[in-house]
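Derivation of every value follows stated rules applied to the coordinates shown; laboratory data play no part. Just so you know, these numbers come straight off a predicted model, no measurement behind them. All Cβ positions, even for glycine, are placed from backbone atoms using ideal geometry, and neighbour counts span all protein chains on display.
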Amino acid sequence: MFKDLFGYSINESTIFSASQNCYNNLEDTENEIKTKVSLNDVVHADETGLRIEGKLQWLHSATTSLFTYLFVHKNRGKEALESESSILDRLNGWLVHDSWSSYFSFENYKHAMCGAHILRELQGLVDIGESKWAKTFKVFLMSVYEMPTDERRKRKQQIQDRFTRICNIGEQMEPPPIKTKGKRGRYKRTKGRNLVERLIKYQYAVLAFAFYEQVPFTNNLAERDIRPTKIKQKISNSFRSFKGAEYYARIEGFISPARKNNKNIFNELSATFDGTNFITDLGC
């Protein structure tokens, strides 16, 4: 854009310096975002892989309808979620996620599983044609989703009983775990077996949307908030340094709330270099 407008390409060191200054100036803003996200009744979480210095590392998100917090870590699981960068230990409401097992290690918040992910897994089993229970469960889950909230509450026990019956049938139909040769204590499970066991274990999280009006059916909010990162990956392929990825995460974690709050992104970024923006103004 600079070359087209002015006839000169912008120097890469200028871009890096500007990113560094923006990153430093957004420290207080990021702390304010972390506080606002952690105090929300419903938070969405997701993670996606990043290529940093030629290695697979991870971008983690914790988001609400108005604010987005992003951080990078070398790990995807428990080590990252319990790190100083994470805010999951601050939550005390609901966390909507895609049933990644590490999220369930936290007991300070209530869990809600993304219904869209469950439907995709069920459809995958239906397409294979080997899991008749999956088709029944998919119809059941969609019927609960389409049911008015008041009716769900009135029929709560009936819904829970139906859930249990279908899963029990699925447990009987899916092949039992098979011990893997050479791997002590490891058992091989089919995708259907894995899914039905997860549904049974986390029934309350699967049906959270049905009985708690504030809990959404899907985790689409978190998925939308990490989509710009996936687009950037396709264009740039990878980050050259971990610090560069950190710069990106903090700045994108500011741009996303600006969009959500209908703010002019260019004006807000410009104001950040002057030491203020709409989020720090809100904090005051």
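Looking at the stretch 222-284, the trypsin sites (Lys or Arg not before Pro) that sit in a DSSP loop and have at most 13 other Cβ atoms within 10 Å of their own Cβ are Arg240.
How big is the antiparallel share of DSSP beta bridges in the chain, given as a percent to the nearest 5? Mind showing how you got there, number by number?
On the way: 17 of 25 bridges.
Rounded to the nearest five, the antiparallel share is 70 percent.
In angstrom, the C-alpha Rg and Dmax of the stretch 118-244 are 18.9, 56.
Extension gain, Lys191-Phe211: 0.36 nm per intervening residue step, less the Cα-Cα distance, totals 4.4 nm. Using the empirical formula 2.2 N^0.38 Å as the baseline, the Cα radius of gyration of the stretch 10-103 reaches a ratio of 1.20.
Determine, at each q value in 0.07, 0.16 (inverse angstroms), the log₁₀ of I(q)/I(0) that the Debye formula gives when each Cα of the chain is one equal point scatterer. So the normalised log intensities work out to -0.34, -1.27.
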